Amino acid sequence: MSIESLISRDLLRTTSDATLSDVATTMITLRDIVRAALAEPDITQVAVKKYMTREPWVVSPGWTVTDIAARMINHNIEHVPVVQDGEVVGILSSFDLVAYLALQGQGEADAPKGH
C-alpha cells in the first residue's frame with residue numbers, strides 16, 4: 001500500500017530566519033526544541049536555521065507504508081516530508097504510520113490523517 005491516503009497536506013511554512021520560539025508550538029519537533037533549550041540561553045533569539053535539518057530524508061507519495069516505516073525506525077525519524085516533482089506536498093509522521101498499522105491490524109482501512 002502507498003502512503004497517499006496517510007499524507008497530511010495541511011502544511012505550515014516558515015523561513016529559516018524565524019526564531020525557534022516563533023515556531024516552537026506549531027512546527028519543530030520536541031527533540032529539536034529540547035536540544036535548543038539545553039544549548040541556548042534564550043530561544044527567542046535563535047533562528048530556526050541553526051537547528052533545522054538542512055537536507056532531510058524525503059519520500060514520494062508512491063512509497064509503501066512498510067518501506068517508510070522501516071526507514072523511519074532505522075534512522076530514528078519522527079516526521080518525513082513527502083515530495084512530488086520537487087515540491088513538498090505533505091508530511092508523514094511516525095504517529096500516522098502507527099495509527100495506520102494499528103487500524104490495519106483491526107481490519108479497518110482508513111487511518112487518521114495529519115498528526
statement: Given (1) part of a helix (DSSP H, G or I); (2) without any contact (Cβ under 8 Å) to a residue 24 or more places away in the chain, residue 97 misses just (2)
Residues that are under 12 Å from residue 6 (Cβ atoms) and open to solvent by 60 Å² or more (accessible area, probe 1.4 Å), drawn from the stretch 85-105: 95, 98, 101, 104
Tally of residues being part of a helix (DSSP H, G or I), open to solvent by 60 Å² or more (accessible area, probe 1.4 Å), under 24 Å from residue 97 (Cβ atoms) and not polar (S, T, N, Q) across the stretch 26-84: 7
- prompt: Only one of 60, 94, 21 is touching a His at 6+ places or on another chain (Cβ under 9 Å) and among the small types (Gly, Ala, Ser); which?
  reply: 94
query: Do we find that residue 16 is touching a Lys or Arg at 6+ places or on another chain (Cβ under 9 Å), touching a residue at least 60 places away in the same chain (Cβ under 8 Å) and open to solvent by less than 60 Å² (accessible area, probe 1.4 Å) in this structure?
result: no
message: Could you go through the stretch 59-67 and let me know if any residue there is under 13 Å from the mean Cα position of the chain (by Cα) and over 12 Å from residue 8 (Cβ atoms).
response: yes
message: Test of understanding: among 59, 65, which residue is touching a Phe, Trp or Tyr at 6+ places or on another chain (Cβ under 7 Å) and under 23 Å from residue 3 (Cα atoms)?
response: 65
task: Return the only residue of 64, 53 being in contact (Cβ under 8 Å) with a residue 60 or more places away in the chain and among the polar types (S, T, N, Q).
output: 64
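The values are calculated or read from the model by the stated rules, or taken from the named source; none is laboratory data. Owing to the predicted nature of the structure, the values given are computational and were not obtained by experimental measurement. For neighbour counting, all protein chains shown are included, and Cβ atoms are generated from backbone atoms with ideal geometry for every residue, glycine included. Surface accessibility is based on the protein's heavy atoms, side chains included, excluding ligands, DNA and RNA. Shrake-Rupley method; radii C 1.70, N 1.55, O 1.52, S 1.80 Å.
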